[in-house]
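**Student:** Here's a structure for you.
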Amino acid sequence: MYQRDYMMRMIEQFTVTLGQVLFQRRNQRFAEAMELLTQAMKQLLGLNSKMVLALSVKDLLALLSTQGEFDAGKGLLLSDMLKAEGDLLVDAAEEPEGVACYLKSLELLLEMRWMHETVEIEQEMEERIDSLLAVVKPGLMPLRVLKPLVNYYDSAGRLDKAEDTLFFILDADVNNMEWMDTGLRMLERWQMMSKDELAQGGLNTEEVHETYTQLAKMKQKVSKTERM
């Protein structure tokens, strides 16, 4: 309960800043809006957005931790700041830079979702993840984001999305045996589900069987090529 109250206070404080950012955006004062976000990010992490984007998510998680304990509230707030900066950059006709912010925010949330410190804010994280997925399509995502996204969709029961994302990975890295094995294990688990469970995930028994067969053939082909 303390963690949630603390988190909500932090988000409420940022909401005031976000309101000011939105006001500046509407008036196309992009530099002023960016400065507000830069100051907010510096206050949170002591870093500007360029430095944040340059760091790996693993490094960001370490910066948001104290004595090995991750601060979930700060993590959620950083994801909000990155999303707000992405919106601002897209409005300012700097779409590639904006997408980079979206991707960093999404990657951060996907990694946070598996941490024990974030159990209380699972719903808040899922809302933000879905909001980001509405503006960044899988075809624009690097492998480092697609891989945890498969696990997210799978764990959320969105099986059709997990399947689609798996093939985005394999299209980008056609000889990735590790992800072929991961996909086969995932599909083996799905084959044990009932028809109703599969239907809730957007698939049926025949589709799962066909995908498993397709993936097994892909693995066999790659294995044969590697032995030659």
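**Student:** How large is log10 I(q)/I(0) at q = 0.11, 0.12, 0.13 Å⁻¹ when the Debye formula is applied to the Cα atoms of the chain, each weighted equally and without solvent?
**Tutor:** -0.64, -0.74, -0.84
**Student:** Taking only protein heavy atoms and a 1.4 Å probe, what accessible area per residue, in Å², does region 178-218 have with all protein chains in place?
**Tutor:** 63 Å²
**Student:** Using θ = phi - 60° and the Karplus curve 6.51 cos²θ - 1.76 cosθ + 1.60, what whole-Hz ³J(HN,Hα) does each residue of region 139-156 get, with Gly and Pro shown as x?
**Tutor:** x, 9, 8, x, 4, 5, 9, 4, 5, x, 5, 4, 5, 4, 4, 4, 5, 7
**Student:** Another question about this same structure. What percent does the relative contact order of the chain come to when contacts are Cα pairs within less than 8 Å and at least six residues apart?
**Tutor:** Relative contact order for the chain comes out at 13 percent.
**Student:** How large a share of the accessible area of region 105-228, in percent, is made up of carbon and sulfur atoms when the probe is 1.4 Å and the other protein chains stay in place?
**Tutor:** Its accessible area is 50 percent carbon and sulfur atoms.
**Student:** If you don't mind, there's one more thing I want to ask. Given points 7 Å out from each Cα along the Cα-Cβ axis, report the residue 39 to residue 171 separation in nanometres with one decimal.
**Tutor:** Going by the 7 Å Cα→Cβ label model, 4.4 nm.
**Student:** Let's test the formula: R0 of 41 Å, r as the Cβ-Cβ distance of residue 65 and residue 26. What FRET efficiency results, to the nearest 0.05?
**Tutor:** 0.65
**Student:** Here's a follow-up. Suppose only helical runs count, i.e. DSSP H with n ≥ 4. What mean residue ellipticity at 222 nm does that imply for the chain under -39500 (n - 2.57) per run, divided by all residues and rounded to the nearest 500 deg cm²/dmol?
**Tutor:** -25000 deg cm²/dmol
**Student:** Subtracting the Cα-Cα distance from 0.36 nm times the residue separation, let me have the gained length for residue 17 to residue 116 in nm, one decimal.
**Tutor:** 32.7 nm
**Student:** As a test question: what accessible area, to the nearest 10 Å², does residue 15 have when a 1.4 Å probe is rolled over all protein chains in place?
**Tutor:** 80 Å²
**Student:** What do you get for chymotrypsin sites (Phe, Trp or Tyr not before Pro) in region 105-185 restricted to DSSP loop and a cutoff of at most 12 other Cβ within 10 Å of the site's Cβ?
**Tutor:** 114
The values are calculated or read from the model by the stated rules, or taken from the named source; none is laboratory data. This structure is a prediction, so every number in the text was calculated from the model and none was measured. Glycine also receives a Cβ, built like all others from the backbone with ideal geometry; neighbour counts cover every protein chain displayed. Keep in mind that these areas ignore ligands, DNA and RNA; they rest on the heavy atoms of the full protein, side chains included. Shrake-Rupley method; radii C 1.70, N 1.55, O 1.52, S 1.80 Å.
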